[in-house]
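Reading through the structure tokens given below for one structure.
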Ligand SMILES: [Ca+2]
Ligand SMILES: [Ca+2]
């Protein structure tokens with residue numbers, strides 16, 4: 001049975017939806033930035049899928065720009081990895097082809113969390129061209145490089161400093177440089193990916209990277225959620241929906257890549273839990289179509305979030321789950337990763 005407190009997992013704390021609006025008004029920081037763009041250099045391919053953690057502190061590698069040759073492209077396999085010079089991010093390869101999007105099982109139908117979660121039906125098949133997606137959520141250390149380059153705005157101010165929930169300091173500290181960046185709106189996420197030579201993933205790209213092509217329920221398969229697969233609102237979580245059945249070791253955000261048991265079929269990390277992730281897509285009913293206006297990056301409206309976070313219960317860890325908010329929103333449980341078409 002689904003516990004009520006799990007269902008309530010991501011309801012924003014009372015006032016949380018109001019606070020950003022107030023801050024937004026006070027700081028006039030909620031419009032898209034007119035940030036400058038650096039000249040991203042090409043990716044560096046590694047011969048085999050890499051399990052190496054991105055090192056956000058490493059300075060952008062001075063290696064020359066590198067474009068894959070036809071022979072290298074021919075050797076790419078699902079999950080092949082490369083490192084992006086601009087921010088040190090590892091990306092994994094997702095081949096072209098169809099995958100199963102959406103869900104219509106009892107969990108998917110059971111509740112839509114007071115209307116904030118979004119219908120995952122009907123289950124349908126979507127074809128995607130090949131693409132690359134970041135193996136990890138973008139970290140505070142990586143995001144800081146973009147801020148220092150003048151291409152990104154610092155995360156929205158929280159209380160007296162750049163803290164996270166229950167931490168007075170977070171962004172800009174060495175201690176949390178490998179933790180996911182938070183307090184970033186959709187515009188901030190989009191600017192970062194642009195600076196890094198990438199873009200936000202579409203909702204379809206995000207879901208294929210999370211669950212592969214076989215329609216599995218979770219990133220790791222169909223086995224139930226356990227304490228080793230995701231950072232969710234477990235016994236350490238200082239929120240009312242904390243679930244003592246799980247002990248994942250983190251009562252807040254965790255360093256990116258801390259749950260290898262929860263890796264997706266392509267080796268992508270933290271696609272269940274840790275922080276929610278912005279996608280490029282406006283939230284719209286299925287079936288998904290990239291040409292029906294939902295990928296219009298100039299439109300305003302509610303954009304899709306995927307993957308749930310450390311503030312959510314197990315029900316939210318399903319790879320097909322959809323959530324959304326207005327594009328200028330930000331919170332302590334919301335970050336992003338990027339993708340690339342080539
Ligand atoms: Ca946790
Ligand atoms: Ca995540």
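Only strands (runs of 3 or more DSSP E) wholly contained in segment 223-342 count here; list those with 1 or more residues that are closer than 29 Å to residue 87 by Cα, modelled with pLDDT of 95 or more and within 16 Å of ligand 1 (Cβ to nearest atom).
Fully inside segment 223-342 and qualifying: 276-282.
Among the residues of segment 181-211, what is the count of those that are assigned to a helix (DSSP H, G or I) and either in contact with a helix residue (DSSP H, G or I) (Cβ under 6 Å, 6 or more places away or on another chain) or within 21 Å of residue 150 (Cβ to Cβ) (or both)?
Residues meeting the conditions: 10.
Report the residue count in segment 228-256 for those that are in contact with a strand residue (DSSP E or B) (Cβ under 6 Å, 6 or more places away or on another chain) and free of Cβ contacts under 8 Å to residues at least 40 places away in the same chain.
Counting residues in segment 228-256 that are in contact with a strand residue (DSSP E or B) (Cβ under 6 Å, 6 or more places away or on another chain) and free of Cβ contacts under 8 Å to residues at least 40 places away in the same chain gives 1.
Can you work out which of the residues in segment 162-173 that are touching a residue at least 12 places away in the same chain (Cβ under 8 Å), more than 22 Å from residue 312 (Cα to Cα) and surrounded by fewer than 21 Cβ atoms within 10 Å (Cβ to Cβ) is nearest to ligand 1 (Cβ to nearest atom)?
Within segment 162-173, the match that is nearest to ligand 1 (Cβ to nearest atom) is 173.
Which of the residues belonging to segment 95-143 are crowded, with 22+ Cβ neighbours inside 10 Å and part of a helix (DSSP H, G or I)?
Correct list: 140, 141, 142, 143.
The values are calculated or read from the model by the stated rules, or taken from the named source; none is laboratory data. Remember, it's a predicted structure, so these values are computed and weren't measured experimentally. Cβ: placed from backbone, ideal geometry, glycine included. Neighbour counts: every protein chain shown.
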